[in-house]
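After the structure tokens below, expect a handful of questions from me.
The values are calculated or read from the model by the stated rules, or taken from the named source; none is laboratory data. None of these values were measured; they are calculated from a predicted model. We place every Cβ from the backbone using ideal geometry, glycine too, and count neighbours over all the protein chains shown.
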Amino acid sequence: MTKKIVIIVVLIVLLAIVLAQNTQVVTYRFLLWTIGISQIMNTQVVTYRFLLWTISISQIILAPLVAAAGFLLGYLVATLKKRKKPAGP
């Protein structure tokens, strides 16, 4: 039953994106709602094992941490690439 509700909400938001004049705002809202719904639906505890370490953490905390680490890594790589570019003639 809940999957049907989520599908209906997604279709309504997609229709709003198509019909809206300011599609950028509607698109951002759609992305935020999608992220929020996925966070609410994934609350299980996940256990990671690496060598001698074992970490148990909820997916609702893990997903934003992984996303933030990915953005930070991408930003650092882009910054380092900018610095290494030689000056053009």
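Quick one: which of Gln59, Gln39, Gln44 is loosely packed, with under 10 Cβ neighbours inside 10 Å and touching a residue at least 12 places away in the same chain (Cβ under 8 Å)? First the steps, then the outcome.
Working: Gln59 fails: loosely packed, with under 10 Cβ neighbours inside 10 Å; Gln39 fails: loosely packed, with under 10 Cβ neighbours inside 10 Å.
On inspection, the qualifying residue turns out to be Gln44.
Looking at the range 17-64, which of its residues are under 24 Å from Thr2 (Cα atoms) and charged (D, E, K, R)? Break it down stepwise before answering.
Start the filter on the range 17-64 by keeping residues that are under 24 Å from Thr2 (Cα atoms), which leaves 17, 26-46, 58-64.
Once the filter is applied, which keeps residues that are under 24 Å from Thr2 (Cα atoms) and charged (D, E, K, R), the range 17-64 yields only Arg29.
How many residues, within the range 52-85, are among the hydroxyl-bearing types (Ser, Thr, Tyr) and not in a strand (DSSP E or B)? Walk me through how you get there before you give the answer.
Keep residues of the range 52-85 that are among the hydroxyl-bearing types (Ser, Thr, Tyr), which gives 54, 56, 58, 75, 79.
Those still in the list that are not in a strand (DSSP E or B) too: 75, 79.
Qualifying residue count for the region: 2.
Taking the options Leu31, Leu72, name whichever one is at pLDDT 85 or above and out of contact with any Pro (no Cβ under 6 Å at 6 or more places or on another chain).
None of the other options fit; the residue is Leu72.
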